[in-house]
1. Determine, from the Cβ-Cβ distance of residue A:100 and residue B:66 and an R0 of 45 Å, the FRET efficiency 1/(1 + (r/R0)^6), rounded to the nearest 0.05.
2. Compute the Rg/Rh shape ratio of chain B: radius of gyration over Kirkwood radius, all on alpha-carbon atoms.
3. Return the average number of partner chain Cβ atoms within 10 angstrom of each residue Cβ along peptide B:346-352.
4. Between residue B:330 and residue A:89, with labels modelled 7 Å along Cα→Cβ, what's the label distance in nm to one decimal, could you check?
5. At 7 Å along the Cα-to-beta-carbon direction for both residue A:238 and residue A:305, put a label point, then send me their distance in nm to one decimal.
6. In nm, what is the difference between 0.36 nm times the number of residues separating residue B:341 and residue B:19 and their Cα-Cα distance?
7. Round to a whole angstrom and tell me the spacing of the C-alpha centers of the range B:152-196 and the range A:85-99.
8. Taking H as built 1.01 Å from N, whose amide H comes closer than 5 Å to the amide H of residue B:133, not counting residues under 5 places away?
2 protein chains.
Amino acid sequence: MRTLDVETPAVLVDLDVVEANILRAQRLFDGLGKGFRPHIKTHKIPYLARLQMQAGAVGIACQKISETEVFAADDFGDVLLCYNLLSAEKIARARVLAELGQITVVADNADVVAALSAGMAGSTAQLRVLVECDTGMGRCGVQSPEAARDLARLIANSKGLRFGGLMTYPKPDDELQVQAFLSAARDLCAPDVGPCDIISSGGTPSLDKAALAPCITEYRAGTYIYNDRSLIARGACAVSDCALTVLTTVVSRPTPDRAILDAGSKTLTSDLFGLQGYGMLRDYPEAQIAGLSEEHGTVDLRPSLRRPKIGEKVHVIPNHCCPVSNLTDRVIFHRRGEVIRAEDVAARGCVT
Amino acid sequence: MRTLDVETPAVLVDLDVVEANILRAQRLFDGLGKGFRPHIKTHKIPYLARLQMQAGAVGIACQKISETEVFAADDFGDVLLCYNLLSAEKIARARVLAELGQITVVADNADVVAALSAGMAGSTAQLRVLVECDTGMGRCGVQSPEAARDLARLIANSKGLRFGGLMTYPKPDDELQVQAFLSAARDLCAPDVGPCDIISSGGTPSLDKAALAPCITEYRAGTYIYNDRSLIARGACAVSDCALTVLTTVVSRPTPDRAILDAGSKTLTSDLFGLQGYGMLRDYPEAQIAGLSEEHGTVDLRPSLRRPKIGEKVHVIPNHCCPVSNLTDRVIFHRRGEVIRAEDVAARGCVT
């Protein structure tokens, strides 16, 4: 079966491109002598995580405990859960995995440390905890190397927990700040609570610049496996490196300048990421996906001399591939347009 | 169980508010002597569609054939599928429903009419087709009343099809244009192809102004059942009319001015709808959800004197409730904070 025969809209993944993307990133970190830890948030599919592990990854990263369980059940032994856990119910689930030796978590505040310690009470296992550091992203994370040291000390002194190192999700192109913050935190921690097993940075946009923060021991990235229009716009990949496309059909041409696609925000998401338009028509790159409603994509054809007809199937490279994965139940794998496999997005919708 | 004991993030629906919203809209159209046809795109849950039918709806509206099948299987006899069907596979599925008398579809171009007619070849049933009109929205639809008449004629002359009337999804607050376009199209069609069974307009934002287009026979709306921040901003509802909230937990307070929620774009969506911020914290309305990543909501607390603590659960009224439904597998119903029921979002992810 050819991909063009698939009912639309459909999420297609070119397995040749996936394999090349996996290999390129793994080789980069092998060359640097750093661990590479793919973040499964992008694909949410155990089959692809296995390919990443076979290529040499040190383990995987997950964002929520429910995601982690999907992959832990599939024998992914070394999981870094990069998210503050607070509720007793979530921590009880993490404890099950910790007792199997499968999980490292993070904390950026004393309430999380207290909750983790309480949740491990009576366990023979120790839960390894990294201190999440805000090196400039302005999301989670302690605000200074001194605060990292203080929280590390609290972890080390908390029953059931073990200080495991440092973690950051940095602003792209901010490796010097990553190096300054994390190396200082590491050096402050060393005499007090001992060495860091793991110093973890991440992010696909700056993946090629990871060497600029030599203090890290490993790097996390998710989007690199598929790539998307936001990464093309940053110069981080080429169109031909984009493995994931959304196959859509032109269902209407109400005017000479307008085409309507059968994919809207329920398929492509509303993520703009600072770009103009909601994705790129791979074969009509000048056309602009000017608007989305839930089930319609409205394409402005004025900039494009060539124009698709009603019934024509067109590939959209989405602005951001990760939430596209999270909207679809199933992904179709192909090589050169020949369908070879379909996989459920096993960790789709795992938000708790 | 209280809603505050539910693991977060979670989509909560206040059934008291839902029932009031259903009743208010139904009474409005009962008073106008027009049919009211709820669009199930918002909730995607048969249980709620049954409440809407029990209140007096003439039928339901769906956007895709896969959605329609979920509801047809649950005995919703009168379904308007407001979307161009083109592929033989989708039309074969519509034919099954047409032969049970359950479906009306739309078309805005001759290719769709030809495909529908081909798909009905050999059937004893006739598929009822409305002409979709672009009364100003700039999405699908024929561009003039004359074009509507021409397409109606084509439908009437196509084997297996029956012309059923007109449909538009208008720009909000554009009822005069709806009336001008659709009444002209109706009057042009009448001598040629006969009267319209259905003249259907819709949209929650202008629901209260439906009387300004008296030519319509029925009205479709979806969002009114839940309401959301975009409708508050339009003055179309009050905060207390919002049935759907996303319950989230504050998992970090990295700085005095910043809180991090455990709900990001995978729960709240990136829909801005022209608003500032990605939703409203119901109990901290001055705070701004300034940014979302997939699993984090970053709240700017500077405008708010009162500030939530780590571990506190807060309700978010999303900008747009429909895609929030489409992201969650399950919705928790409550009355005054007491959980009374949970329902799967049965038509979640039905995009084909």
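We did not get these values from a lab; they are worked out from the coordinates using the rules stated. These figures come from a predicted structure and were not determined experimentally. Virtual Cβ from ideal backbone geometry, glycine too; neighbours counted across all protein chains shown.
1. Calculated value: 0.70.
2. On the way: Rg = 21.7 Å, Rh = 21.3 Å.
Using Cα coordinates only, the ratio equals 1.02.
3. Details: counts 0, 0, 4, 9, 3, 17, 7.
Taking all residues of B:346-352 together, the mean is 6.
4. With each label placed 7 Å out from Cα toward Cβ, I get 0.8 nm.
5. Placing both labels 7 Å along Cα→Cβ, they lie 2.4 nm apart.
6. Working: separation 322, 0.36 × 322 = 115.92 nm, distance 1.46 nm.
Going from the current span to full extension adds 114.5 nm.
7. For the range B:152-196 versus the range A:85-99, the Cα centre distance is 59 Å.
8. HN-HN under 5 Å from residue B:133: B:142, B:167, B:168, B:169.
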